[in-house]
Every structure is written in C-alpha cells, then in structure tokens.
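So the structure is just underneath, and the comments pick up after that.
Please treat every number below as a calculation from the coordinates, not as lab data. Note that this is a predicted model, so its numbers are computed, not measured. Cβ coordinates were reconstructed from backbone atoms using ideal geometry, including for glycine residues, and neighbour counts include every protein chain displayed.
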Amino acid sequence: MKYIKKSKTPNILIEWIQKNKQDINFGYDLLRQDKNAMDIVSKNLLQEQFFLCAYTGLSIDNSTFHIEHLKPQKHCNKGEDVDYKNLLACYPEPNRSKVPYGAHKKGDWPPPQEEKYFVSPLNLTCETKFQFDRNGKIFGVDESANKTINKLGLAHSELEGLRKSSLLPLLKLKRSEASRRLYKIMTPVNRKLEEFCFVKKQILEKQIKKLEAIIQENKSKF
C-alpha cells in the first residue's frame, strides 16, 4: 500500500455539491449521473495516485478501475459518499466479476467499531505497516496491519504471484544496478509510478544490503 496525498477537491465537484445538496437524492448515486463531473473526479483520482490501485498497488488506467469509498457507503452519513477525501481509484473496472482481493474483498468493511483496525492509504505511515519478501509475501507489523491484510485479501495467492513476478528481475541486478533502480523507483514517469513500486523499494533495499555484505565478506578474505 502506498501513501496517497489527497489533492484539493475538484472545483466541478464543489459546484455539484452546492447545486445538489438540497436534493432529496443527494449522494453518490446522483453524482454518477453527471458524466462530466465523474470524468474529472476520475482523472484527478488517477493522477494523485500515480495510476496505482489504492489498496493493491496494481497499475490502473481509465479502463481498469472503479471509484471506491474509503469509508464504505453503507456507513456514510449524508454527504460523506461524495466527499472527495472519501474517494479512491481501485482495481478493477465497474461491473467486473468479483475479485478476491482489494476493494471487492474489502466490501463494507470496516464498520465504525473496527475503523481503528483499518490501515488507510491516506495514513502517512501506511507504507511502514507492511513488509514484503522476495516471493511477494506480505506481513503486517501490528494487529491493524494484519487485520487489513485479511480483510482486503492482500495475501491472496494471485496477488502474491503478481508481486513475485514483478520482483524477479530485481533479484538479478548487480549492486550498482540495484542502487540506480532504487534511486528512481518512487519517481513518477509521465505521472505514473511502477506497479508495486513500494514493494520493489523494500526488496531493492534488502537486496542492496545483501550484496554489500557479500562484497565486504569477499574483501575480508584477501
């Protein structure tokens, strides 16, 4: 999970809220009927997330995501389901058959009484809550992280396999190559970050330390 710094609410959404807040049907379902507003909101979400799914780190684009509610719609008070801070871009696209991880798996979790167990991508420390190994496995550092992993299916074998495949090329790099990759891994290119960049960052850091230890060990033999 990568930290998401939310940008300002798009003007078109502010205007839509002011125009429709007295409507008896005020809420996300009504917002969805305004294609222009939805298009701009969607564009903003993709860009502020650098085209990564908010929960899984999968690459997403205009055709492979849906708008997710951080606080589930089921538990939203009036207006919260159109609050920009409560909106995220997540894999997969709308009307896709059920995916066993990420937003689909999360569903209506957490209820209010379990919010303390949810590691949100809007939490500045969220990236430190999860650890990964070279096989793509994920581990939580505390109870809330483990609960989030379980409720979002972040340890699902399919997702684990995708992470593992993305890491394999990194494990073949020499120390200098690994250092160069690490230096650039969290830098967007054309407003996009690499799929699983936060996972790759951790593994590159570990790989560099391992290679440095081998270099030092070899030096000590001479």
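Numerical summary
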quantity: Where trypsin sites (Lys or Arg not before Pro) fall in DSSP loop in region 107-142, at most 14 other Cβ within 10 Å; calculated: 137
quantity: The chain: DSSP helices with Cα axial extent of at least 18 Å and average Kyte-Doolittle hydropathy no lower than -1.0; calculated: 35-48, 197-220
quantity: Selected from 114, 48, 80 as most flexible by GNM, with the chain as the system and alpha-carbon contacts under 10 Å; calculated: 114
quantity: Residues of type lysines that residue 172 reaches as a straight line, Cα spacing below 23 Å, ignoring anything fewer than 8 places off in the same chain; calculated: 137, 164, 184, 200, 201, 206, 209, 210, 219
quantity: Fully extended contour minus Cα-Cα distance, from residue 209 to residue 35, at 0.36 nm per residue; calculated: 57.7 nm
quantity: Relative packing of peptides 207-216, 69-78 - highest average C-beta neighbours within 10 Å first; calculated: 69-78, 207-216
quantity: Choice from 112, 100, 121 with maximal GNM fluctuation in the chain (Cα, 10 Å cutoff); calculated: 112
quantity: Largest-first ellipsoid semi-axes for the chain, taking √(5λ) over the Cα gyration tensor eigenvalues, angstrom; calculated: 38, 18, 14
quantity: Computed helical MRE - 222 nm, the chain, DSSP H runs ≥ 4 contributing -39500 (n - 2.57), nearest 500; calculated: -12000 deg cm²/dmol
